[in-house]
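Structure, as structure tokens:
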Amino acid sequence: MKNILATVIILFLIGGAGALKSTRDIKDLKAALKAGVPVIVKLGADWCYPCRAMKPIIKQLAEEQNGKAVFLDLNIEEHRALAREFKVMLIPTVIFYDKHGKPKSHHVGFMNKEELLKEIKRLELNK
């Protein structure tokens, strides 16, 4: 009985540790910047066609890069302070943070999946 209980506890702890590494469900910028992985934030609005076109790309990358990076799709009207901080004049604007939570670059305009991944690699956000 003790062995079964010990096994259950170990499996629970292993499963719990794995859950902590998941990044796809992070929706808050503060939590994302503390995750210890690169963070890519797309600021946009629902009325913006290029922003809407990027929405499924950001969602797909959040799934594919789970545990390696956080991808956030934030509405500029709900995150005005962030828009002011980066002096956002046009949307979509993509902000790239390194794994330490420091902003490294930003890009104005639509980016496809390949461009986003290429920029992450170019900026060496994991260092």
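Exactly one of (1) within 12 Å of the chain's Cα centre (by Cα); (2) within 15 Å of L29 (Cβ to Cβ); (3) outside any strand (DSSP E or B) is unmet by K68. Its number?
All conditions pass for K68, except number (2).
Restricting to the stretch 101-118, name every residue that is out of contact with any Pro (no Cβ under 9 Å at 6 or more places or on another chain), surrounded by fewer than 18 Cβ atoms within 10 Å (Cβ to Cβ) and in contact (Cβ under 8 Å) with a residue 24 or more places away in the chain.
G101, N112, K113, L117
Residues of the stretch 49-74 being surrounded by 16 or more Cβ atoms within 10 Å (Cβ to Cβ) and either farther than 21 Å from L123 by Cβ or of a type in the set (D, E) (or both), which ones?
Those that are surrounded by 16 or more Cβ atoms within 10 Å (Cβ to Cβ) and either farther than 21 Å from L123 by Cβ or of a type in the set (D, E) (or both): C51, D73.
Tell me, please, whether a residue that is under 25 Å from N126 (Cβ atoms) and at pLDDT 95 or above can be found in the stretch 80-93.
Initial filter on the stretch 80-93 (under 25 Å from N126 (Cβ atoms)): 82, 85-86, 92-93.
Now drop any that are not at pLDDT 95 or above, which leaves 92-93.
Yes - at least one qualifying residue is present in the stretch 80-93.
With the structure loaded, tell me whether I91 is in contact (Cβ under 8 Å) with a residue 12 or more places away in the chain and not in a loop (DSSP other than H, G, I, E, B) or whether it fails that test.
Considered against the rule, which asks whether it is in contact (Cβ under 8 Å) with a residue 12 or more places away in the chain and not in a loop (DSSP other than H, G, I, E, B), I91 comes out as no.
The values are calculated or read from the model by the stated rules, or taken from the named source; none is laboratory data. Source: prediction; values computed, not measured. Cβ sites come from the backbone with ideal geometry, for glycine too, and all protein chains shown count toward neighbours.
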